[in-house]
1. Please indicate, with yes or no, whether at least one residue in the range 200-213 is assigned to a loop (DSSP other than H, G, I, E, B), under 24 Å from Gly89 (Cα atoms) and among the charged types (D, E, K, R).
2. For residues that are loosely packed, with under 15 Cβ neighbours inside 10 Å and acidic (Asp, Glu), tally how many sit in the range 99-130.
3. Please work out which one of (1) at pLDDT 95 or above; (2) closer than 27 Å to Pro19 by Cβ is the condition Arg218 fails and give its number.
4. Of all the residues that make up the range 176-209, how many are surrounded by 16 or more Cβ atoms within 10 Å (Cβ to Cβ) and hydrophobic (A, V, I, L, M, F, W, C)?
5. Within the range 42-85, can you find the residues that are of a type in the set (Val, Ile, Thr), surrounded by fewer than 20 Cβ atoms within 10 Å (Cβ to Cβ) and either under 16 Å from the mean Cα position of the chain (by Cα) or under 18 Å from Phe131 (Cβ atoms) (or both)?
6. Looking only at the range 167-189, count how many residues are touching a residue at least 24 places away in the same chain (Cβ under 8 Å) and either assigned to a loop (DSSP other than H, G, I, E, B) or among the β-branched types (Val, Ile, Thr) (or both).
7. Of the numbered conditions (1) of a type in the set (D, E, K, R); (2) in contact (Cβ under 8 Å) with a residue 24 or more places away in the chain; (3) touching a strand residue (DSSP E or B) at 6+ places or on another chain (Cβ under 6 Å), Arg61 satisfies every one except a single condition; which is it?
8. Restricting attention to the range 86-116, which residues are within 14 Å of Arg51 (Cβ to Cβ), within 17 Å of the chain's Cα centre (by Cα) and among the β-branched types (Val, Ile, Thr)?
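The values are calculated or read from the model by the stated rules, or taken from the named source; none is laboratory data. From a predicted model like this one, the values you see are computed outputs, not experimental measurements. Cβ: placed from backbone, ideal geometry, glycine included. Neighbour counts: every protein chain shown.
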Amino acid sequence: MVPNSDTEGAVVLETGPNPAFAVIWLHGLGADGHDFEGIVPQMDLPETPIRFIFPHAPVIRVRVNGGFPMRAWYDVAHPEISRDPDLDGMRRSVAEVERLVGQEISRGIPRERIVLAGFSQGGVIALLSVFSTGLRYAGVLALSTYLPPSPEISLVDSPTPLLMVHGTEDPVVPLPLGKGSFNRIVALGGEGPRHWLDYRMGHSVCLPEVAEISSWLRTLAGETA
């Protein structure tokens, strides 16, 4: 394991020298790029070195929390998170993901060997970065998340493999909202493999889920090697 580095914009962790596969992993509301770095040592990853990029969201005022400044990929107006979505904020964050992807491409890792991952808010941006653009990635991992049910968001199919995971007792992103988002993607009718998993948990990540994510990443890294 190559020691991680924490720059102003992201935490970067490499599982070996000269990685040829990358995962850009976006945290949830109020967290930062350190939130998921601890998951990497818990995963049984392939011998192929992987670069994990855990970006820090910008600090903005979030209305649902009384306007308190915190790290967020977009504003949230209501406890019912799908109401009045901050589409402009989401678009800005999708553009930031594309900038990060461009950095990896310039370092020699093509888009088809990059996984986009995200938890909660971060998952929204990961999903939109794929299914509002149609771009092809190695995979998209969406944890405890959803797609905004807005007519202003047009979904387009992508052959990118999808793994969505959700807690059956999630009080933040209700299970029907997450599963309905998954079904919207499936209804696009594309060829990309779509997988849904749920666990008896809240708005969190559990150890069996980590094992499934590890297996999924190993498969992707092997298939795209």
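1. no
2. 1
3. If we test Arg218 against (1) at pLDDT 95 or above; (2) closer than 27 Å to Pro19 by Cβ, just (1) comes out false.
4. Total satisfying the criteria: 6.
5. Passing the criteria: none in range.
6. The qualifying residues number 9.
7. (2)
8. Val101, Ile114, Val115
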